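Working notes for the structure below.
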Amino acid sequence: GVASTATVSIVTIGGKSTTVLLVGGGDANFYALNALTGAIIWKRLLGPAMGSFLWSSPAVSQGSVYEGLSSQLDCPLIQGQFFQINAATGVIQNTFNVVPTGCTGGSVWGSPTLDVAAGTLYFASGNPGSCSQTEPYAPALVELSLSNLTLISSWQVPKSQQIPDSD
């Protein structure tokens, strides 16, 4: 099912302006639907089908869609990620791994906030998981470049204030 709010945007597809409904599904697929007919324009699997969920509502800017990846209620806990997707084609343009590859945690439960004038986006991440490396972006507020999802800044909840399942 769908747990987030869909976003409607005008997207140029094949040279034609198309009203597109963009939404994450409970099957870990992100969908672009024709807003007038409901037909699937494209869909993109963003995480492991088992255990992944797209709770985040998408944001759109300059031909890209921004979407976070989370676990399905920590069952199992997966690696949180944030994606920049081409709105017309569904091609993943950039990915930000909230925790290191091979680690779990850092789910993105909420929707991003875009500052188009500054060229940045902000999101909050969830609790860390099991990892032999530090996880400085979980739980945290993270600022990324809108153009390529490179890290600009972050603020992590102080360790003394973190609780189990702190997101």
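Brief remarks on what is shown
- Classification of region 73-167 by its C-alpha gyration tensor yields a prolate form. The axis ratio a/c (a ≥ b ≥ c) is 1.5 or more, and a/b outweighs b/c.
- Summary of packing: across the peptides 112-119, 63-70, 135-142, the per-residue average of other C-beta atoms within 10 Å ranks them, highest first, as 63-70, 135-142, 112-119.
- Accessible carbon and sulfur surface of region 1-133 relative to its total accessible area, %, 1.4 Å: 56
- Euclidean distance between Cα centres, region 1-31 to region 112-129, Å: 20
- Remark: spin-label model distance Leu141-Thr19 equals 3.6 nm, labels positioned 7 Å along the Cα→Cβ axis.
- Unpaired Cys in the chain, meaning no second Cys C-beta under 4.7 Å: Cys75.
- Pair-distance distribution of region 1-78: all C-alpha pairs, bin width 5 Å, starting at 0; shares per bin in whole percent are 3, 17, 26, 23, 15, 9, 4, 2, 0.
- On a per residue basis, the chain carries 47 Å² of accessible surface, using protein heavy atoms and a 1.4 Å probe.
The values are calculated or read from the model by the stated rules, or taken from the named source; none is laboratory data. From a predicted model like this one, the values you see are computed outputs, not experimental measurements. As a convention, Cβ positions derive from the backbone with ideal geometry for all residues, glycine included, and neighbour counts pool all protein chains shown. Just the protein is used for accessible areas: all its heavy atoms, side chains included, with ligands, DNA and RNA removed. Shrake-Rupley method; radii C 1.70, N 1.55, O 1.52, S 1.80 Å.
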